[in-house]
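Enquirer: Okay, here's the structure, questions in a sec.
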Protein chains: 2
Amino acid sequence: MTDNKIKNEDGKLELIINAAQKRFAHYGLCKTTMNEIASDVGMGKASLYYYFPDKETLFEAVIKKEQNVFFDEMDKILNSGIDATALLKKYVKLRSLHFRHLLNLSKLRSDFFHNTKPVFAKAFESFKQKEVEIVAGIIQYGITTKEFKRGNKHENAEFLVHLLLGVRMVKLKYKEINDFDESDYEDLDKNMCKVAGMFLKEIQTEVASR
Amino acid sequence: MTDNKIKNEDGKLELIINAAQKRFAHYGLCKTTMNEIASDVGMGKASLYYYFPDKETLFEAVIKKEQNVFFDEMDKILNSGIDATALLKKYVKLRSLHFRHLLNLSKLRSDFFHNTKPVFAKAFESFKQKEVEIVAGIIQYGITTKEFKRGNKHENAEFLVHLLLGVRMVKLKYKEINDFDESDYEDLDKNMCKVAGMFLKEIQTEVASR
């Protein structure tokens with residue numbers, strides 16, 4: 001393939017994913033058809049299937065796009081020169097926002113969260129692993145700058161990521177996603193920040209915590 | 001009803017619940033029939049239905065019995081004269097044990113946890129509310145003894161109870177209940193204690209945390 005062809009292919013992929021994202025956001029996964037997405041981008045159904053073998057794979061690509069927005073933002077923060085404590089707080093804020101974006105992304109809602117299809121599980125699992133790596137990196141940085149105590153950075157990172165996930169899961173247990181309003185997001189954000197504060201106290205050195 | 005009759009009724013209830021508990025523990029909710037339980041206690045099926053209109057209600061009674069074991073144990077701890085910090089740690093240990101007992105109680109497992117039947121949801125919700133009250137009581141006691149800082153004891157209690165619930169939910173998300181082994185219970189217990197430790201640091205006064 002020539003460079004131009006690759007570029008065109010990339011352009012088409014992006015076009016499809018953007019169109020799918022809009023459809024999913026307005027009508028949900030079940031009510032959106034591959035036909036509609038094909039027609040949105042002025043493409044035959046067969047051509048669309050050339051790029052995505054089924055709707056679930058296309059939806060996975062949309063989730064991954066959203067996930068990459070989070071990772072790109074995290075990259076910017078990681079390179080902003082702030083200290084490890086501030087980095088960890090920014091991570092939690094951004095993570096809370098990402099959850100909200102994912103929810104707003106679609107009217108899938110219960111579909112989205114209770115769906116056990118391996119394709120979604122895979123996307124979420126790989127996201128979580130990257131997330132743990134990022135947090136472990138922040139903890140390592142904090143150990144270097146003597147803000148944080150020495151310890152098992154990977155174990156601690158996973159512990160924090162799981163605690164934050166637990167906060168979201170408990171919230172979803174007690175409130176249907178469909179009924180989420182502004183105050184629920186605020187409540188979630190508040191609890192996630194509270195967890196971050198507790199976690200920080202746990203790992204900070206005596207000097208840093210003063 | 002005479003006192004004797006009430007006593008007899010109570011005795012029958014206990015007999016039924018104990019028989020049901022054994023059946024559920026060995027064969028699970030689905031594979032146990034009301035017929036079998038009736039026969040275990042030497043009772044006609046119709047008589048059993050006089051006490052419990054259906055299997056779910058009987059199962060709820062078994063859960064409540066287990067929950068009462070937890071509350072009775074908590075009562076003993078609460079009256080043992082130890083300080084609030086020790087009380088909170090004991091509560092978390094006992095809560096972790098209770099979770100394990102509930103799992104061992106039955107081979108229901110996925111049934112048990114993914115079942116959305118309102119009858120179970122009600123039993124768990126009422127348990128959680130009592131649990132929050134107990135923790136709020138411990139926090140209040142700690143404020144009185146100046147171990148803990150003043151603050152919204154109910155909000156803090158719910159926060160801790162939800163954090164611990166989150167730890168269990170995340171664990172169950174990543175591992176099928178059927179595959180739980182000793183190391184999983186240890187891992188869960190360790191993480192619940194870690195959460196308790198973080199929470200304590202957060203609410204303890206400067207004096208108490210030294």
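Enquirer: For the stretch A:130-153, indicate whether the set of residues that are crowded, with 19+ Cβ neighbours inside 10 Å, touching a helix residue (DSSP H, G or I) at 6+ places or on another chain (Cβ under 9 Å), under 24 Å from A:Val62 (Cβ atoms) and away from chain B (no Cβ under 14 Å) is non-empty.
Expert: Within the stretch A:130-153, one or more residues are crowded, with 19+ Cβ neighbours inside 10 Å, touching a helix residue (DSSP H, G or I) at 6+ places or on another chain (Cβ under 9 Å), under 24 Å from A:Val62 (Cβ atoms) and away from chain B (no Cβ under 14 Å).
Enquirer: Separate question: Regarding the stretch B:101-117, can at least one residue be identified that is at pLDDT 95 or above and among the acidic types (Asp, Glu)? Give the derivation first.
Expert: Filtering the stretch B:101-117 down to residues at pLDDT 95 or above leaves none.
For the stretch B:101-117, residues at pLDDT 95 or above and among the acidic types (Asp, Glu): absent.
Enquirer: Looking at B:Ser47, is it modelled with pLDDT under 95 and among the hydroxyl-bearing types (Ser, Thr, Tyr)? Lay out the reasoning, then the answer.
Expert: Values: modelled with pLDDT under 95: yes; among the hydroxyl-bearing types (Ser, Thr, Tyr): yes.
In short, yes.
Enquirer: Next question, about the same structure. Considering each residue of the stretch B:178-210, count those that are part of a helix (DSSP H, G or I) and either facing chain A (nearest Cβ under 7 Å) or under 23 Å from B:Glu131 (Cα atoms) (or both), and give that number. It would help to see each step written out before you state the result.
Expert: Keep residues of the stretch B:178-210 that are part of a helix (DSSP H, G or I), which gives B:178-179, B:182-203, B:206-209.
Narrowing the set further to residues that are either facing chain A (nearest Cβ under 7 Å) or under 23 Å from B:Glu131 (Cα atoms) (or both) leaves B:185-203.
Number satisfying all stated conditions: 19.
Enquirer: Name the residues in the stretch A:145-158 that are free of Cβ contacts under 8 Å to residues at least 40 places away in the same chain and in a helix (DSSP H, G or I), would you? Working first, answer last.
Expert: Step one: filter the stretch A:145-158 for residues free of Cβ contacts under 8 Å to residues at least 40 places away in the same chain, giving A:150, A:152-155, A:157-158.
Across the stretch A:145-158, the qualifying residues are A:Lys153, A:His154, A:Glu155, A:Ala157, A:Glu158.
Residue by residue, here is whether (1) under 26 Å from A:Ser126 (Cα atoms); (2) part of a helix (DSSP H, G or I); (3) modelled with pLDDT of 90 or more holds:
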position: A:Asp10; (1), (2), (3): yes, yes, no
position: A:Phe24; (1), (2), (3): yes, yes, no
position: A:Tyr27; (1), (2), (3): no, yes, no
position: A:Ala38; (1), (2), (3): no, yes, yes
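Enquirer: Additional query: Suppose we filter the stretch A:41-54 for residues that are in a helix (DSSP H, G or I) and either touching an Asp or Glu at 6+ places or on another chain (Cβ under 9 Å) or surrounded by 17 or more Cβ atoms within 10 Å (Cβ to Cβ) (or both); how many remain?
Expert: Residues in the stretch A:41-54 being in a helix (DSSP H, G or I) and either touching an Asp or Glu at 6+ places or on another chain (Cβ under 9 Å) or surrounded by 17 or more Cβ atoms within 10 Å (Cβ to Cβ) (or both): 2 in total.
The values are calculated or read from the model by the stated rules, or taken from the named source; none is laboratory data. From a predicted model like this one, the values you see are computed outputs, not experimental measurements. Cβ coordinates were reconstructed from backbone atoms using ideal geometry, including for glycine residues, and neighbour counts include every protein chain displayed.
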